[in-house]
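See below for the structure under consideration.
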Amino acid sequence: MLYLSLLHPAQQIGWTSWTIHPSVVVGLIALAGLYEWGARTAGRPLALSPSPARRLSYYAALSIVFLSLNGPLHDLSDYYLFSAHMVQHLLLTLVVPPLLIWGVPGWMLRPLLRVRAVAAVARALTRPVRAFVLFNVVIAAWHLPPVYNTAMAYHPVHIVQHLMFMSTAVLMWWPLLSPLPELPRLAYPGQMLYCFLMSIPMSIVAIYVAMADSVLYPAYAAAPRLWGISPLEDQHIGGLIMWIPGGLFFYVVMSFVFFQWAQKQEDSEAAAQVA
């Protein structure tokens, strides 16, 4: 357990104590730069620019990534509380990707589809069944104790974990929010079924964690205790966070889909696409 105890530096947790990770900052600056470059190069021939609402959505997503992977939430997640880590993961998979997708208008992405290889890979990965399987396999695999504990012990592996969460989450959200008819959304009835099915795999993983009668992730057992929460209680709280908010989130999305469907009163796939 000695090497695990070294993962928990003696530092002050608080909203005024911030740790900034250069790799996160560089990645976010790169994403912001790509967005502005894409808006200029793709929009100039069409005299188009992303609307203020779309820009706000995109940069809100980048801001949430920054707040999740730096500062108090990051420190709590990496060094002290499994439950905080689950909050971080829900933000990175359920909040950031839809804001990113909605923030990028289809005309910015369409030039990429002119490259035949890119178009073929995009069509393959954004199909609903493949997107569903990829995301849920990644979530389940990374929560297996040997894999999760490896990510906690080796920071580069942890970075890969977060990148896989976010990238497969973008694919998972694509059948619901695609801005490109060439990579279409599901029809509204299909979207509702998709949301219902999405709530099941994460709930299974959450039940496994929440109902465990022993600590599955030793890194947190070696951590200094905060607020009198034992390692097992912390694990159970983390499982419940995955289970209840994580599952209910898709029912909220399903409600929005239902009202869109009722407004358009059409069941076809074409009716669900962005104009």
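Count of the range 183-193 residues, restricted to those that are surrounded by fewer than 17 Cβ atoms within 10 Å (Cβ to Cβ) and either under 19 Å from the mean Cα position of the chain (by Cα) or without any contact (Cβ under 8 Å) to a residue 40 or more places away in the chain (or both), is 1.
Every residue, every condition in (1) in contact with a Lys or Arg (Cβ under 9 Å, 6 or more places away or on another chain); (2) modelled with pLDDT under 95; (3) within 25 Å of Phe66 (Cα to Cα), yes or no:
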position: Pro98; (1), (2), (3): no, no, yes
position: Met108; (1), (2), (3): no, yes, yes
position: Pro111; (1), (2), (3): no, yes, no
position: His155; (1), (2), (3): no, yes, yes
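Which of the residues belonging to the range 102-112 are open to solvent by less than 70 Å² (accessible area, probe 1.4 Å), assigned to a helix (DSSP H, G or I) and under 22 Å from Ala187 (Cα atoms)?
Once the filter is applied, which keeps residues that are open to solvent by less than 70 Å² (accessible area, probe 1.4 Å), assigned to a helix (DSSP H, G or I) and under 22 Å from Ala187 (Cα atoms), the range 102-112 yields Gly103, Gly106, Trp107, Leu109.
When Phe66 is tested against (1) modelled with pLDDT of 95 or more; (2) surrounded by 18 or more Cβ atoms within 10 Å (Cβ to Cβ), only condition (2) is not met.
Report yes if Phe196 is open to solvent by 40 Å² or more (accessible area, probe 1.4 Å), aromatic (Phe, Trp, Tyr) and assigned to a helix (DSSP H, G or I), otherwise no. In short, yes. In the set (1) part of a helix (DSSP H, G or I); (2) under 27 Å from Leu113 (Cα atoms); (3) over 22 Å from the mean Cα position of the chain (by Cα), the condition left unmet by Leu232 is number (2). Kindly provide the set of residues from the range 149-182 that are open to solvent by less than 10 Å² (accessible area, probe 1.4 Å) and in contact with a Ser or Thr (Cβ under 6 Å, 6 or more places away or on another chain), ordered by number. If the condition is that a residue be open to solvent by less than 10 Å² (accessible area, probe 1.4 Å) and in contact with a Ser or Thr (Cβ under 6 Å, 6 or more places away or on another chain), then Phe165, Ala169 are the ones that fit. In summary, Ala219 fulfils each of the numbered conditions (1) assigned to a helix (DSSP H, G or I); (2) at pLDDT below 90; (3) farther than 14 Å from His143 by Cα with the single exception of condition (3). Within the range 63-98, the set of residues being among the aliphatic types (A, V, I, L, M) and not in a helix (DSSP H, G or I) comprises Leu81 only.
For the range 216-272, a residue qualifies if it is in contact with a Phe, Trp or Tyr (Cβ under 9 Å, 6 or more places away or on another chain), of a type in the set (Phe, Trp, Tyr) and open to solvent by 30 Å² or more (accessible area, probe 1.4 Å), and the qualifying residues are Tyr251, Phe258, Trp261. Among the conditions (1) within 28 Å of Phe256 (Cα to Cα); (2) in contact with a Ser or Thr (Cβ under 7 Å, 6 or more places away or on another chain), His74 misses just one, which is (1). The residue list Ala141, Ala120, Ala124 contains one member that is modelled with pLDDT of 95 or more, open to solvent by less than 50 Å² (accessible area, probe 1.4 Å) and closer than 18 Å to Arg185 by Cα, which is Ala124.
For Ala210, indicate whether it is more than 16 Å from Trp173 (Cα to Cα), more than 20 Å from the chain's Cα centre (by Cα), open to solvent by less than 40 Å² (accessible area, probe 1.4 Å) and without any contact (Cβ under 8 Å) to a residue 40 or more places away in the chain. Before the answer, list the steps.
Values: more than 16 Å from Trp173 (Cα to Cα): yes; more than 20 Å from the chain's Cα centre (by Cα): yes; open to solvent by less than 40 Å² (accessible area, probe 1.4 Å): yes; without any contact (Cβ under 8 Å) to a residue 40 or more places away in the chain: yes.
Yes, satisfied.
If we scan the range 165-178, do we find a residue that is among the polar types (S, T, N, Q), part of a helix (DSSP H, G or I) and at pLDDT 95 or above? Break it down stepwise before answering.
Of the range 165-178, the ones among the polar types (S, T, N, Q) are 167-168, 178.
Right, trim to part of a helix (DSSP H, G or I) and you get 167-168.
Next, from what is left, pick out any that are at pLDDT 95 or above: 167-168.
The answer is yes; a qualifying residue exists.
Restricting attention to the range 36-62, the residues being outside any helix (DSSP H, G or I) and surrounded by 11 or more Cβ atoms within 10 Å (Cβ to Cβ) number 4.
The values are calculated or read from the model by the stated rules, or taken from the named source; none is laboratory data. The model shown is predicted, which means the values in this text are computed figures rather than measured ones. Glycine also receives a Cβ, built like all others from the backbone with ideal geometry; neighbour counts cover every protein chain displayed. For the accessible areas, the whole protein counts, side chains as well, though only heavy atoms, and no ligand, DNA or RNA atoms are used. Shrake-Rupley method; radii C 1.70, N 1.55, O 1.52, S 1.80 Å.
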